[in-house]
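Presented below is the structure to which this report refers.
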């Protein structure tokens, strides 16, 4: 058995499922995308937590060692979907050479920018660079300008929530001539994204891409209205097969996507399917609902960053998997998770989006974040995406649930979303 196979099999048990309650163990792991000017993901930052703050925030060698061990077991290529992974480390951990266990070509070693540039630290960084690792300096400010570390850095990260516009201008002047790429952290709005780009940042970390500015007087194209009708029919139990088949066939693009998905590994059907009605009968209503929503989401997201589609798949699957823990309907939860990102895909306000969908009032409330029980899974996941561990704990504590019960489901959702993305990408090229 190859190392990559072992790592793949350990994914659920070693990164999230084993992040359990006992002291010294990580309770949460999240990853946050790092995107370029076109909002294409270039890397992921890995965040670990053994309490209410990121574990490495305490800057202890023990925490860093545990984090590196979890990363190694899971496999950086699995955690970051084959992209580079930003991994926070302490100065002491570099001296102990723990980070060298990770694959150099896929690892960006992230150090605090205020690290004292001692000869031993500079030597350790030089050795890592010679091995193929890249170096990032985190939370850079105008008060932190170490020429020796700057010369070695591949990335310089600036937190927009901590450094105002005036300070950033001073910082950028101080960095004039530096070869490192500038990464803006905590970019949460399109305005912040535009401003950071004008200032000279080339990479962006935050969820601004999930909040595109709505188009004024935006009229939904006719084929998308058909898709919304299909979503309405998918909620009926049982499905009206003849009507649903006719609706799907009204749109050639959706018909093609749906048939390709039915014939892909997502469904694992053992025979070629040539009609919508045959597809529904072969795979069953539950599976057909899922792949129809995948096809619709893929069509909606044509002109938006691919990461939005990945997150929609992940949210839908996660909400479906945790639904039994909260006594909720898995089918409706899958819909809530997926639809939560439709406004970003269609550039609509959420309140306008929910008016177009024939949802139960409880599902509308979940999407509008009204605080009702149906919105708990999605609310937990949003906090998890942002690394707000205290909020995650507060949401599940009244239910008597443990973090690892949800992180197991999240591990499966991440894996399923990645597999789905690969299948749909492969099928679109066929």
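Tally time: how many residues in region 155-193 are part of a helix (DSSP H, G or I), touching a helix residue (DSSP H, G or I) at 6+ places or on another chain (Cβ under 8 Å) and within 20 Å of residue 208 (Cα to Cα)?
Of all residues in region 155-193, those part of a helix (DSSP H, G or I) come to 165-174, 190-193.
Retained after the next criterion (residues that are touching a helix residue (DSSP H, G or I) at 6+ places or on another chain (Cβ under 8 Å)): 165, 168-169, 172, 190, 192-193.
Next, only the ones that are within 20 Å of residue 208 (Cα to Cα) stay: 165, 168, 190, 192-193.
So the count comes out to 5.
Exactly one condition in (1) in a helix (DSSP H, G or I); (2) touching a residue at least 12 places away in the same chain (Cβ under 8 Å); (3) surrounded by fewer than 23 Cβ atoms within 10 Å (Cβ to Cβ); (4) over 20 Å from the mean Cα position of the chain (by Cα) is not met by residue 334; state its number.
Among (1) in a helix (DSSP H, G or I); (2) touching a residue at least 12 places away in the same chain (Cβ under 8 Å); (3) surrounded by fewer than 23 Cβ atoms within 10 Å (Cβ to Cβ); (4) over 20 Å from the mean Cα position of the chain (by Cα), residue 334 violates only (4).
Out of the residues in region 356-375 that are part of a loop (DSSP other than H, G, I, E, B) and touching a residue at least 24 places away in the same chain (Cβ under 8 Å), state the one that is surrounded by the most Cβ atoms within 10 Å (Cβ to Cβ).
The extreme case among them is 359.
With the checklist (1) assigned to a loop (DSSP other than H, G, I, E, B); (2) within 22 Å of residue 300 (Cβ to Cβ); (3) in contact with a helix residue (DSSP H, G or I) (Cβ under 7 Å, 6 or more places away or on another chain) in hand, flag the one item residue 401 doesn't pass.
With respect to (1) assigned to a loop (DSSP other than H, G, I, E, B); (2) within 22 Å of residue 300 (Cβ to Cβ); (3) in contact with a helix residue (DSSP H, G or I) (Cβ under 7 Å, 6 or more places away or on another chain), residue 401 is out only on (2).
Report yes if residue 319 is outside the structural domain of residue 29 (by TED's automatic domain parsing), closer than 28 Å to residue 225 by Cα and not in a loop (DSSP other than H, G, I, E, B), otherwise no.
Values: outside the structural domain of residue 29 (by TED's automatic domain parsing): yes; closer than 28 Å to residue 225 by Cα: yes; not in a loop (DSSP other than H, G, I, E, B): yes.
For residue 319, the condition - outside the structural domain of residue 29 (by TED's automatic domain parsing), closer than 28 Å to residue 225 by Cα and not in a loop (DSSP other than H, G, I, E, B) - is met.
Restricting to region 404-423, count the residues that are surrounded by fewer than 22 Cβ atoms within 10 Å (Cβ to Cβ) and touching a helix residue (DSSP H, G or I) at 6+ places or on another chain (Cβ under 7 Å).
As a first pass, look at region 404-423 and keep what is surrounded by fewer than 22 Cβ atoms within 10 Å (Cβ to Cβ): 404-405, 408, 412, 415-419, 421-423.
Keeping just the survivors that are touching a helix residue (DSSP H, G or I) at 6+ places or on another chain (Cβ under 7 Å) gives 405, 408, 412, 415-417, 421.
The number of residues fulfilling the criteria is 7.
Look at region 111-154 and say how many of its residues are in a strand (DSSP E or B) and modelled with pLDDT of 90 or more.
From region 111-154, those in a strand (DSSP E or B) are 111-112, 134-138; that's our starting set.
With the extra rule that they be modelled with pLDDT of 90 or more, the set shrinks to 111, 134-138.
Selection size over region 111-154: 6.
Which condition number does residue 328 fail, the rest of (1) at pLDDT 80 or above; (2) in a helix (DSSP H, G or I) being met?
(2)
Here's the yes/no breakdown for (1) at pLDDT 90 or above; (2) farther than 29 Å from residue 302 by Cα:
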{"site": "349", "(1), (2)": "no, no"}
{"site": "352", "(1), (2)": "no, no"}
{"site": "359", "(1), (2)": "no, no"}
{"site": "366", "(1), (2)": "yes, no"}
{"site": "369", "(1), (2)": "yes, no"}
{"site": "372", "(1), (2)": "yes, yes"}
{"site": "375", "(1), (2)": "yes, no"}
{"site": "385", "(1), (2)": "yes, no"}
{"site": "394", "(1), (2)": "yes, yes"}
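Does residue 410 meet the test of being in the same structural domain as residue 237 (by TED's automatic domain parsing), in contact (Cβ under 8 Å) with a residue 60 or more places away in the chain and either farther than 20 Å from residue 297 by Cβ or outside any helix (DSSP H, G or I) (or both)? Break it down into steps so the answer makes sense when it comes.
Numbers: in the same structural domain as residue 237 (by TED's automatic domain parsing): yes; in contact (Cβ under 8 Å) with a residue 60 or more places away in the chain: yes; either farther than 20 Å from residue 297 by Cβ or outside any helix (DSSP H, G or I) (or both): no.
No.
For region 92-107, which residues satisfy the criterion of being surrounded by fewer than 19 Cβ atoms within 10 Å (Cβ to Cβ) and within 16 Å of residue 123 (Cβ to Cβ)?
Matches in region 92-107: 92, 95, 96, 97, 100.
One line per residue, one yes/no per condition, for (1) loosely packed, with under 15 Cβ neighbours inside 10 Å; (2) at pLDDT 75 or above; (3) within 14 Å of the chain's Cα centre (by Cα); (4) in the same structural domain as residue 380 (by TED's automatic domain parsing):
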{"residue": "33", "(1), (2), (3), (4)": "no, yes, yes, no"}
{"residue": "38", "(1), (2), (3), (4)": "yes, yes, no, no"}
{"residue": "50", "(1), (2), (3), (4)": "no, no, no, no"}
{"residue": "54", "(1), (2), (3), (4)": "no, no, no, no"}
{"residue": "58", "(1), (2), (3), (4)": "yes, no, no, no"}
{"residue": "61", "(1), (2), (3), (4)": "no, no, no, no"}
{"residue": "66", "(1), (2), (3), (4)": "no, no, no, no"}
{"residue": "70", "(1), (2), (3), (4)": "no, no, no, no"}
{"residue": "84", "(1), (2), (3), (4)": "no, yes, no, no"}
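The values are calculated or read from the model by the stated rules, or taken from the named source; none is laboratory data. Just so you know, these numbers come straight off a predicted model, no measurement behind them. Neighbour counts are summed over all protein chains in view; Cβ atoms, including those assigned to glycine, are modelled from backbone coordinates with ideal geometry.
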